[in-house]
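Q: The structure under discussion is supplied below as structure tokens; questions concerning it will follow.
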Amino acid sequence: EACWDRGLCRLGETGLVGMKMRLVLAWFVRSPWPPGVLLLVLALAVRVPRLSDQLEPDEAKTLDQHIQQSPWIIVQQFGTARNHPLYSLLAHFFWRVRPTVVAIRLPALFAGVAAVLALWFWLRRLTGPVPAAWAAAALAISPPQALYSARARGYSMLVLGAIVTSWLLLRRDRKSVV
């Protein structure tokens, strides 16, 4: 039987205990849930502490000029500076529920964490579970991505959109080739 991960095979060379350990580790790496939960926890641990930081000047202007406006005005201001319309709409609804700094940053947090998980799910099929977990972990702890996910701006949504779009395009190309 060919071993798909040499490191796990070396761990499993020591009898029955090693074989059980190898099976558990193989299940852990191949199963979607344990690595996904670890990546989720890692992404949240890096991002959540920054959510309550003081608003940056561009965030304050976005709050004043876009988020606090009515949804209709947010959509009408599509081409203006500092306005990511989808982000502004989502932040507007969170702001209406609870007008706090954390509330207007929640859409960025959700998009940043979703980007990590989307990258992991996409790359699991494309490259395998181990490289996918490493790539998603790198995105989870990436300082710029963590900052994007903790600021009231639409940049983390753009990253998520790029990952999902790439995934869908490659999936479509694979289906059309077959």
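Q: Considering each of 105, 96 in turn, give the residue that is of a type in the set (Lys, Arg) and either open to solvent by less than 70 Å² (accessible area, probe 1.4 Å) or under 18 Å from residue 45 (Cα atoms) (or both).
A: The match here is 105.
Q: Consider only pairs whose beta carbons are under 7 Å apart and that are at least six residues apart or on different chains; among these, list those whose first residue lies in the stretch 112-141 and is farther than 22 Å from residue 153 by Cα and whose second residue is outside any helix (DSSP H, G or I).
A: 130/5
The values are calculated or read from the model by the stated rules, or taken from the named source; none is laboratory data. Computed from a prediction, not measured in an experiment: that's the story for all the values here. So basically every Cβ, Gly included, is an ideal-geometry build from the backbone, and we count neighbours across all protein chains shown. All accessible areas refer to the heavy atoms of the entire protein, side chains included, with ligands and DNA or RNA removed. Shrake-Rupley method; radii C 1.70, N 1.55, O 1.52, S 1.80 Å.
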